[in-house]
Amino acid sequence: MAKQNIYDNETFFEGYRGIRKKESNANDLFEIPALMSLLPDLKGKKILDLGCGFGEHCKEYVNKGAERVVGIDISEKMLEIAQKENADPKIEYIRMPMEDLDVITEKFDLVISSLAFHYVEDFAGVLKKIYALLNPGGLFVFSQENPINTCYSDGFPRWTRDENGNKLYVNLANYGVEGERESTWFVEGVKKYHRTFSTVVNSLADAGFIIQKMVEPKPTEELLKKYPEHADLFHKPDFLVVRARK
Ligand SMILES: C[S@@+](CC[C@H](N)C(=O)[O-])C[C@H]1O[C@@H](n2cnc3c(N)ncnc32)[C@H](O)[C@@H]1O
């Protein structure tokens, strides 16, 4: 199956780095707090981070007491930053696609993945490999773009707007058509994979996981006062965050 490495495209990489540096980026405001809220006590834990990117999360897991963290990513450029900015004796960064996880023989207490699965075509296959790498009772916590979001592709307007351009409501099409989507994000032809909510849940169950909790993060009143543009999240969720147990 196809494995895309768009984060090694220079234009994409610089664009992505730029938005992650912005103060009001949705990762920092919504996705990361939701993901962290689902983590157990990390003291003494062995953790595998899939699609670890710049390694910021890996470093945070060590700060929270993890004994060992293995961060894997398909992108050389992302791992270069991880090595430079988030190196630690307790962290090992490995360049590899998560589709090849079965080459890893070590077992982990916790597998975590932040916003990487929507780039993966064979989600069900990867879930089975994650299950095999977890110790009994181990936890699997991940975020992905919400299935409501992954169904879009270029050429379809996401919002219906009033005459002043204000967003009124979300347009939805082809939610039930699963598979590859191409969109323009910094560069043309960025491939992501759309799966419905039920496919995500059923794939977890088929791999043997027990789902413990799901979060679709929304802004608090306080946050809305500071960043009113994020009221969009009351129309449609951007992220899906899940905690499951082996
Ligand atoms: C949106 S970034 C998230 C990075 C990091 N997890 C974070 O939250 O800051 C997605 C990451 O997933 C990686 N990725 C995409 N497809 C992958 C694959 N098949 N195997 C491993 N990593 C992949 C990308 O290279 C990129 O670093």
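Output the residues belonging to the stretch 89-98 that are assigned to a strand (DSSP E or B) and in contact (Cβ under 8 Å) with a residue 24 or more places away in the chain. Even if it seems obvious, please write down each step before you answer.
Applying the first criterion (assigned to a strand (DSSP E or B)) to the stretch 89-98 yields 91-95.
Ile91, Glu92, Tyr93, Ile94 - these are the residues of the stretch 89-98 that are assigned to a strand (DSSP E or B) and in contact (Cβ under 8 Å) with a residue 24 or more places away in the chain.
Among the numbered conditions (1) surrounded by 14 or more Cβ atoms within 10 Å (Cβ to Cβ); (2) assigned to a strand (DSSP E or B), the only one that Lys128 does not meet is (2). Sub-6 Å Cβ pairs linking a first residue in the stretch 4-19 that is closer than 13 Å to Met78 by Cβ to a second residue that is among the β-branched types (Val, Ile, Thr) and more than 9 Å from the ligand (Cβ to nearest atom), at least 6 apart or interchain, are Ile6/Val190; Asn9/Val187; Phe12/Val187, ordered by first then second residue. Tell me, please, whether a residue that is part of a loop (DSSP other than H, G, I, E, B), within 16 Å of the ligand (Cβ to nearest atom), at positive phi and surrounded by 14 or more Cβ atoms within 10 Å (Cβ to Cβ) can be found in the stretch 99-119. Yes; the residues of the stretch 99-119 include at least one that is part of a loop (DSSP other than H, G, I, E, B), within 16 Å of the ligand (Cβ to nearest atom), at positive phi and surrounded by 14 or more Cβ atoms within 10 Å (Cβ to Cβ).
Quick grid of which residues meet (1) within 18 Å of Phe123 (Cβ to Cβ); (2) basic (Lys, Arg):
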| site | (1), (2) |
| --- | --- |
| Trp185 | no, no |
| Glu188 | no, no |
| His194 | yes, no |
| Val200 | yes, no |
| Leu204 | yes, no |
| Phe209 | yes, no |
| Lys213 | no, yes |
| Pro217 | no, no |
| Glu221 | no, no |
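Note on the stretch 79-98: residues that are within 13 Å of the ligand (Cβ to nearest atom) and either among the acidic types (Asp, Glu) or under 23 Å from Phe140 (Cα atoms) (or both) amount to 11. Within the set Gly155, Gly179, the sole residue that is within 30 Å of Leu101 (Cβ to Cβ) and of a type outside the set (Asp, Glu) turns out to be Gly179. Considered as a group, the residues in the stretch 199-236 that are in contact (Cβ under 8 Å) with a residue 60 or more places away in the chain and among the small types (Gly, Ala, Ser) include one that is farthest from Lys167 (Cα to Cα), and that residue is Gly208.
Just so you know, all these numbers are worked out from the coordinates, no wet-lab data involved. Being a predicted model, the structure only gives us computed values, none of them experimental. Positions of Cβ are generated from backbone atoms using ideal geometry, with glycine treated the same way; all protein chains shown enter the neighbour counts.
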